[in-house]
1. Given R₀ = 41 Å, what would the calculated FRET efficiency be for Leu136 paired with Val172, taking r from the Cβ atoms and rounding to 0.05?
2. Residue by residue through the stretch 228-240, what is 3J(HN,Hα) from phi via Karplus (6.51 cos²θ - 1.76 cosθ + 1.60, θ = phi - 60°)? Round to whole Hz and write x for glycine and proline.
3. Tally Lys/Arg at +1 and Asp/Glu at -1 over every other residue whose Cβ is under 14 Å from the Cβ of Ala134; what's the total?
4. Normalising by the residue count of the chain, find the relative contact order in percent from Cα pairs under 8 Å and 6+ residues apart.
5. So for the pair Trp208, Tyr45, with labels modelled 7 Å out along Cα→Cβ, what separation do we get in nm?
6. Between Glu147 and Ala9, how high is the FRET efficiency from 1/(1 + (r/R0)^6) when r is the Cβ-Cβ distance and R₀ = 30 Å? Nearest 0.05.
7. Report the residue, chosen from Ala143, Ala238, Ala88, that carries the largest GNM mean-square fluctuation when the chain is represented by alpha-carbon nodes joined by springs under 10 Å.
8. Just how large is the dipole of the chain about the Cα centre, in debye to the nearest 20, putting +1 at every Lys and Arg Cβ and -1 at every Asp and Glu Cβ?
Amino acid sequence: MSSLSYAVADSATMLRRNFRHMQRYPSVTLMLIGVPVTFLLLFVYVFGGTLGAGLGSIEGGRQQYVNYVVPGILAMALAATAQGTAIAVAMDMTEGIIARFRTMAISRASVLTGHVLGAVLQSVLALAVVLVVALLVGFRPNATFAEWLALTGVLVMFSLALTWFTVALGMVAKSVESASNTPMPLMMLPFLGSGFVPTDSMPPGLRWFAEYQPFTPFIETVRGLLLGTPIGNSALIATAWGAGIIVLGYVWARARYDRDPTH
């Protein structure tokens, strides 16, 4: 077998390990899915009437707001799953599992790749549940088949970006508790972007931050693909952010994994 074949086989083994871990602790998966669903219901049924009326559309109200907020909730679902990845990696680090893997004749990339692939599949599950609940509460996308395919690519890319970044955060965390807290700002970025209200309704300083942070072009791209709103250059910016974060997270995580633990 070639080195690539060994790496693929080892990655598949690590993916199965992560699946067994998910089956052993289903409450973690339920929590990661439950958080964005809870926020969706909260913002639609508690705040939706008022916030929807402020969007300036003729339709206004809750129906208008559910269409507006779903892309932000999808971003939150990806961030929540990524947070779970940081916790899982930190558990492996603190329990000595990573140290044991370092001494085994397995592909070094496979350990991290298994975590990433497992998290992406978990993200797909979370996104599917959020979309089903959104449809039940009135979300009405008008995307074509090609736009759904493009949407899938955008969501997977951003899931990979957040996951690789949080894998690195889990590797450097001193404890599981710190690993659960460090990615929390990722959960806040949809709020500090265009996820829940338009950025032009924000004060100047906050508006500047909201328009230039990575979640806003991602959310605007998702919103445009689902609802036909103008995308502009958001897709290009979101792709650049996604690719950059993937490279940063991968290089950081691999450097941390390959580092001699005795130094």
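The numbers here are math on the coordinates, done by the rules we state, and not lab data. All values reported here derive from a predicted model rather than from experimental measurement. We place every Cβ from the backbone using ideal geometry, glycine too, and count neighbours over all the protein chains shown.
1. On the way: r = 40 Å, r/R0 = 0.98.
Rounded to the nearest 0.05, the efficiency is 0.55.
2. x, 6, x, 9, x, 9, 4, 5, 5, 5, 4, 5, 5
3. +3
4. 25 percent
5. That separation, rounded to one decimal, is 4.1 nm.
6. 0.25
7. Ala143
8. Details: 15 positive and 11 negative charges, 122 e Å.
The dipole magnitude comes to about 580 debye.
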